[in-house]
Structures are given as structure tokens and as C-alpha cells.
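J.: Following this message is one structure expressed as C-alpha cells.
What follows draws every value from the coordinates through simple rules; no lab data is involved. Because the structure is predicted, anything quoted here is derived from the model rather than measured. Cβ coordinates were reconstructed from backbone atoms using ideal geometry, including for glycine residues, and neighbour counts include every protein chain displayed.
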Amino acid sequence: MIGQIKALIQSWDDQQAAYITNREQRFDVMLDVIARVCDSSATFGGDGTGLTVLDLACGPGSLSQRILDRFPAVDVIGIDYDPVLLALASAWLGERHGSRFTPLDADLAASGWASMLPAGGVHVAVSSTALHWLEPSELVALYGTLGGVLPEGGVFMDADHLRYDSAAQPMLTELAAADDERTRRAAYGRGVQTWDQWWADAVALPLLAEHSEERTRRFADRPPTPHAPLELHLSALRTAGFVETGVVWRLYDDVVILGRR
């Protein structure tokens, strides 16, 4: 079973990289920021001792895995509302890192998810290629909650496509689209799976198939969400009490934003 899970994780990373140019580079930048948090505080060890990271909409655990691998004493809490992906993350990261990864089944679009967090609190929150699924109003509410969850000096990072305004920024929009197309074309030329192909393999695995019906039920009434531009993210973070906000990495419209409480 673990061999099948490992293969699914690798194929997930491959198909996600087909949509995100230099995906590993943006992960590396996020890890470097976490290292800076550790090194600049007497509270945490350089190996992540004492540090708890919250991975919002963690999916199958791609970012959580990299955090756990780089910082051998860190604890990571992964929240997701997709029962298939959360089951995959639980199996994969539980095998690799044991109790240092805690999965939480929660809907970030609803209020109250923060009440599920441990009493010890979290120090860093991250997300990758996920928060675009939230409505702008839900995103603003999420950032407001994060402002209360993270302590003073706590850091939040989000890596995602934050699209240009096609009317006001037509050239930038075209450049970003061309970059996306080049990346997809190269990946598919190497035989990388599409999104639909990956999901067909995932739900064929008994461990994940048992959650497939529940996944369908949960997302049946969730229409596509409108675009939330970079400025909305940064403004919402400032309103939520983050004293420092900005971009720490960017390639066209693929952005890693940072907020520091």
C-alpha cells in the first residue's frame, strides 16, 4: 500500500508542477522564511524545535512534507476539507513523520475552524495553490481569523496564482498565459498526468475510494470562485493586523505573499 501511496504523491507533484513553473523554487523560498523565523527567535531551534506550522488547505501534504523533511523537530497541522486528499496526506505523512503531522478535517470557508487548533497555538501559517478556491469575502474572513490565531511576530505565507487584470494589464496577462502554456506543454510531453487522470488513479485506491462519495457531496454546490487579486490579499492582511505585508517571490502571476503579525 505504501508503494502505491508514494507513487500517487509523486504523480501529484508532477501534475501540479505542470501548472506551476518553478514550483520547487517557490517552496524553497517559503522554507527559507521559516528558517529565518527559527533563527531569529530564542524560542525555536534551528531544527524547528518548539515551532508549530499550520498548513491551510494542505491537500495531500506537498508543502507539509517539505517542511517536515527540512525541519526534523517541527510539528505541522494540516487542515483540509477534501476527505480524499486529507486521507492521502494522513497516510503518507503519518508513515514518514508519525505524530509530527496532525490532520484536521475542517472547512476554511466556514467559521469556527480555528477552535479545532491545539491549545499551544501555531507560530507560522502557510498555504499553497489552494486559497483561490475561496470567495473573496471568505478569504477576507480567513485572514481575519489568522490575525487572531498567529502571535505577534507570527508569519503567514500563501503561494498561488494571483491573476493579472486582463483589462488593465493585457500584456502581463498574455505573458503569464504563455508561460503557463509552455510549462504544461513540456510536462505533458514528458508523459505527466493531467488533473483528471490523477484523480482516476487516486479514487481507484481502496484507502481513498471510501472517501470519494463524501468528497462529491461536499463540493457539489461550490461553484467556481471569482478572482481575488494580489491587492485584495495584501489589504485584507493589513486589516487583519499584519504589520508587514509583501511579495517574497514572483514569476509573472505566480506569487508568494507574506504577512507578519
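J.: Among 109, 240, 29, which residue has its Cα furthest toward the positive end of the charge dipole of region 2-260, with +1 on Lys/Arg Cβ and -1 on Asp/Glu Cβ?
T.: Result: 29.
J.: Moving to a separate point now. What does the charge dipole of the chain about its Cα centre add up to, to the nearest 20 debye, if the Cβ of each Lys and Arg holds +1 and the Cβ of each Asp and Glu holds -1?
T.: 320 debye
J.: Hey, with R₀ at 25 Å, roughly what FRET efficiency would residue 181 and residue 7 work out to, going by the Cβ-Cβ distance, to 0.05?
T.: Step by step, r from the Cβ atoms, then E = 0.35.
J.: Treating each Cα of the chain as an identical point scatterer and ignoring solvent, apply the Debye formula and state log10 I(q)/I(0) at q = 0.08 Å⁻¹.
T.: Listed by q, the Debye log ratios stand at -0.31.
J.: Here's a follow-up. Which distance in Å, rounded to a whole number, links the C-alpha centroids of region 39-68 and region 94-168?
T.: After rounding, the separation between the Cα centres reads 13 Å.
J.: Just the number, please: percent antiparallel of the DSSP beta bridges in the chain, rounded to the nearest 5.
T.: 40 percent
J.: Turning to a different aspect of this structure: How do 180, 196 line up, fewest other C-beta atoms within 10 Å first?
T.: Final ranking by Cβ density, sparse to dense: 196, 180.
J.: Starting with the highest mean, order 163-175, 245-257 by the number of other Cβ atoms within 10 Å, averaged over the residues of each peptide.
T.: 245-257, 163-175
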